[in-house]
Amino acid sequence: MTTVLAIDTSGAACTAAIWEPRDDDPCGIVLASIRQPMARGHAESLLPAIRTLLDRTARRPDSIGLIGVIEGPGAFTGLRIGLAAAAGFSLATGAGVVGVNAFDALAHAAMPGLAFAPPPIGATRGSLAVAIESRRLEMYLRLYPIECGLDAWSLGSGGEMICAPPAGLEMTDREKSPGGLIVIGDGARRFCDLHPAVSPDARRPPYAIDGGVVARLAWEARSRSSSDIPTPLYLRPPDAVAAPPGRGIEQ
């Protein structure tokens, strides 16, 4: 049985989880997880958190067969911390690495909740907006179509990933109608407050990335696992820029 380690340092928390698949449950089982809210300090917190998870689950590092790590979008430094840790753990143990999109992790985590807080009665289609904070005026945004089947709501493929102010997300008339849009992610409150066509009632959990979902998505994509570090997904240019020639310290 493959044990999966999930890592997320892309935002305002340091998250890690150990997960295993189950033949009788497509969601698998989270053996242990840690989520520590923080604006900074991910590099100092991540490896001790993983050590704690291994101790809690009586697993050795070499029992990890796959690593799922959030590849973005998210904070520049935070993303690189998680990706570097995944690469180092892979080098030490031989486990493959799969990059997981932050939008997808949040969208998939939202789907079970629709059974308890669905769109309006009679609705068969809707849209899910994932709003992720960037610590700037803009936020990271992506829309997903959702559709009601016989037994549950299903998630369609995500649309374009953009970095824009909340009002910069273009929506259809159906999405602007009451109940036509559900907003999730840590930017959901600000998005609903600032988008003129969205009601505050559109906010739903999750507001943070779930390590168990990251692990499950990595497991489902295990055929593309690699020992190479995933390419970080950035939707905006870095704040820091290289100094122009001639501006260095004179010798």
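State whether one or more residues within segment 61-78 are touching a residue at least 60 places away in the same chain (Cβ under 8 Å), in contact with an Asp or Glu (Cβ under 8 Å, 6 or more places away or on another chain) and of a type in the set (Val, Ile, Thr). Yes, there is a match, as at least one residue in segment 61-78 is touching a residue at least 60 places away in the same chain (Cβ under 8 Å), in contact with an Asp or Glu (Cβ under 8 Å, 6 or more places away or on another chain) and of a type in the set (Val, Ile, Thr). The set of residues from segment 160-181 being of a type in the set (Val, Ile, Thr) and closer than 26 Å to Tyr234 by Cβ comprises just one member, Ile162. One residue stands out in segment 175-199 among those that are open to solvent by 20 Å² or more (accessible area, probe 1.4 Å) and under 27 Å from Gln36 (Cα atoms): the one that is nearest to the chain's Cα centre (by Cα), namely Asp186. Checking each residue in segment 171-213 for being among the small types (Gly, Ala, Ser), without any contact (Cβ under 8 Å) to a residue 60 or more places away in the chain and touching a Lys or Arg at 6+ places or on another chain (Cβ under 7 Å) picks out Ala188, Ala197.
The condition of being at pLDDT 95 or above and more than 16 Å from Trp219 (Cβ to Cβ) holds for only one of Gly126, Gly99, Gly41, Gly68, that being Gly41. The number of residues in segment 145-174 that are open to solvent by less than 50 Å² (accessible area, probe 1.4 Å) and within 10 Å of Arg125 (Cα to Cα) comes to 3. Being within 17 Å of the chain's Cα centre (by Cα) and charged (D, E, K, R) is the requirement here; does Asp23 meet it? Considered against the rule, which asks whether it is within 17 Å of the chain's Cα centre (by Cα) and charged (D, E, K, R), Asp23 comes out as no. Out of segment 202-230, which residues are under 13 Å from Gly68 (Cα atoms) and either open to solvent by 60 Å² or more (accessible area, probe 1.4 Å) or at pLDDT below 75 (or both)? Passing the criteria: Asp210, Glu220, Arg222, Ser223, Arg224, Ser227, Asp228, Ile229.
The values are calculated or read from the model by the stated rules, or taken from the named source; none is laboratory data. These figures come from a predicted structure and were not determined experimentally. Cβ: placed from backbone, ideal geometry, glycine included. Neighbour counts: every protein chain shown. To get the accessible areas, we keep the full protein, side chains included, count just its heavy atoms, and leave off ligands, DNA and RNA. Shrake-Rupley method; radii C 1.70, N 1.55, O 1.52, S 1.80 Å.
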